[in-house]
Amino acid sequence: MSDELKEACGVLGIYENRNNAGLGRDIFYGLYALQHRGQESAGIAVSSGNGIRYHKAMGLASEVFNDEILDDLTGRIGIGHVRYSTTEPNTLINSQPLVVRYKRGSLAVAHNGNLVNSLELRTELQENGVAFQTEIDSEIIAFLIAQAHSGDIAEAVESCMGKLKGSYALVIMTEDTLIGMRDPNCIRPLCLGKKGDSYVLSSESCALDTIDAEFIRDVEPGEIVIINNKGLQSINKNKETSKAVCIFEFVYFARPDSTIDGTNVHMARLEAGRLLAQEHPADADLVIGVPDSGTISAMGYAQASGIPFGIGLIKNHYVGRTFIKSTQNLRTIGVKLKLNPIKEVVQGKRLVMVDDSIVRGTTSGLIVKILKDAGAKEVHVRISSPPVTDSCYFGIDTSSRKELIGAQRKVEEIREYIGADSLGYLSLDGLVKSTGFPREKFCLGCFSGEYPIDVPGEGKGYLFEKR
């Protein structure tokens, strides 16, 4: 299920035409709206034109910032970050934004994504005398920009982009300029908004709504957005590159009230549930969703099937995502702390339990058991995405292929493993159809083993076959 996945990060940037005492608070509220994308650390960096001040710490945004800290984060330009680590250790030194000083002043970087050539770039920079302090891609990006910045910051950022391979939605700030960058395949989301005469960059449109900013558009493939006292400048020399948006943004990661590249996430999940009901009908009394990520698709399933929708599981939203699950007993306790069935609703019922995904299968099996222990007569599991068969290399921790139950077992074997009475996955064609986009507009690597760019050690060519 979705709790076996780890989120991508969230980034936000604001450019004001004058100093704003409330800048830090606006960024904080935006990060609060993006908190679902990462819960390990949060940070904000701001500038009034002379140096960059910042504060970051481990924990949720609400735990990291208070009134006193936010009152000090005034300025004209600011960026923020909420983090989930995918490959690097979860420590304060690896939290973002990353702030560095160089020959042209100060620079801050916040990154969502993952560079597949980070080892190559890091080695090259180290051979040129760079001493790294962190293990994150953001430091590589900062040094590449710093080395190339001899005159125009736009030229330095262009030079940096030419060396990066992988996924990135970036917000970068100097002491007088805000910059947004999106990789040539648009794997990770980034949009542009405006609030009065101020500009906002955000991972998702929901953050724009929170701070009363108007959505303008999504940042295009390979586009660099430069915002300073001259206004907004767009640089895009990758116009021939097509989008390959991570389809898991629509399955799980993005907030339902966000719109990504023209498609509302809620409507896509609702349609996925409808299509799932058509592909895998069930003879049942009640449709329930695994909250929160399975609820919308469960509603769609109920609408298409005519089976009533109900709330059969209650989620405890105050349980953190860092709960240790090192043993079966602890995993069971962890699920019970997070999800509890309503016995009066599920008892004696033949249930359709809709969830967004199954990754390792352990959590799904525990939920099925909890429902049956609560008196459910049957539990028919329906998943609003295909089996996850391959690892993600672009900023989402989907585990290694050997840990993915969809790669190691057939559907019937998975059904037996999780203890369901039946199991049905939405087809890949169905998932793509639910978004309204054609198949070629997505990165489908986790479902198909085909990636939009070369992954070191995985194959060659623009798309390569599943192993």
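The values are calculated or read from the model by the stated rules, or taken from the named source; none is laboratory data. As the structure is a prediction and not an experimental result, all values here were calculated from the model. Neighbour counts are summed over all protein chains in view; Cβ atoms, including those assigned to glycine, are modelled from backbone coordinates with ideal geometry. Ligands, DNA and RNA are excluded from the accessible area calculation, which covers all protein heavy atoms including side chains. Shrake-Rupley method; radii C 1.70, N 1.55, O 1.52, S 1.80 Å.
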### Summary
Looking across segment 291-322 at residues that are at pLDDT 90 or above and among the charged types (D, E, K, R), the single one that is nearest to the chain's Cα centre (by Cα) is ASP292
#### Entry: Evaluation of LYS325 against (1) modelled with pLDDT of 95 or more; (2) in contact with a Ser or Thr (Cβ under 9 Å, 6 or more places away or on another chain); (3) of a type outside the set (Phe, Trp, Tyr); (4) in a loop (DSSP other than H, G, I, E, B) (one fails), failing number
(1)
### Query
Does GLN96 satisfy the criteria of being in a loop (DSSP other than H, G, I, E, B), surrounded by fewer than 18 Cβ atoms within 10 Å (Cβ to Cβ), touching a residue at least 24 places away in the same chain (Cβ under 8 Å) and out of contact with any Asp or Glu (no Cβ under 6 Å at 6 or more places or on another chain)?
no
### Message
Here is a check on your reading of the model: is GLU158 among the charged types (D, E, K, R), under 30 Å from TYR451 (Cβ atoms), open to solvent by less than 10 Å² (accessible area, probe 1.4 Å) and not in a loop (DSSP other than H, G, I, E, B)?
### Response
no
### Query
Out of (1) closer than 26 Å to PRO387 by Cα; (2) out of contact with any Pro (no Cβ under 6 Å at 6 or more places or on another chain); (3) open to solvent by 10 Å² or more (accessible area, probe 1.4 Å), what's the single condition that is false for HIS266?
(2)
### Query
Looking at this structure, is LEU208 open to solvent by less than 10 Å² (accessible area, probe 1.4 Å) and either under 19 Å from the mean Cα position of the chain (by Cα) or without any contact (Cβ under 8 Å) to a residue 12 or more places away in the chain (or both)?
yes
### Query
Quick one: is ALA213 closer than 29 Å to SER434 by Cβ and either in contact with a His (Cβ under 9 Å, 6 or more places away or on another chain) or surrounded by fewer than 20 Cβ atoms within 10 Å (Cβ to Cβ) (or both)?
no
### Task
Give segment 282-317 a look and list any residue that's open to solvent by less than 40 Å² (accessible area, probe 1.4 Å), over 15 Å from HIS380 (Cβ atoms), part of a loop (DSSP other than H, G, I, E, B) and not small (Gly, Ala, Ser), or say none.
PRO291
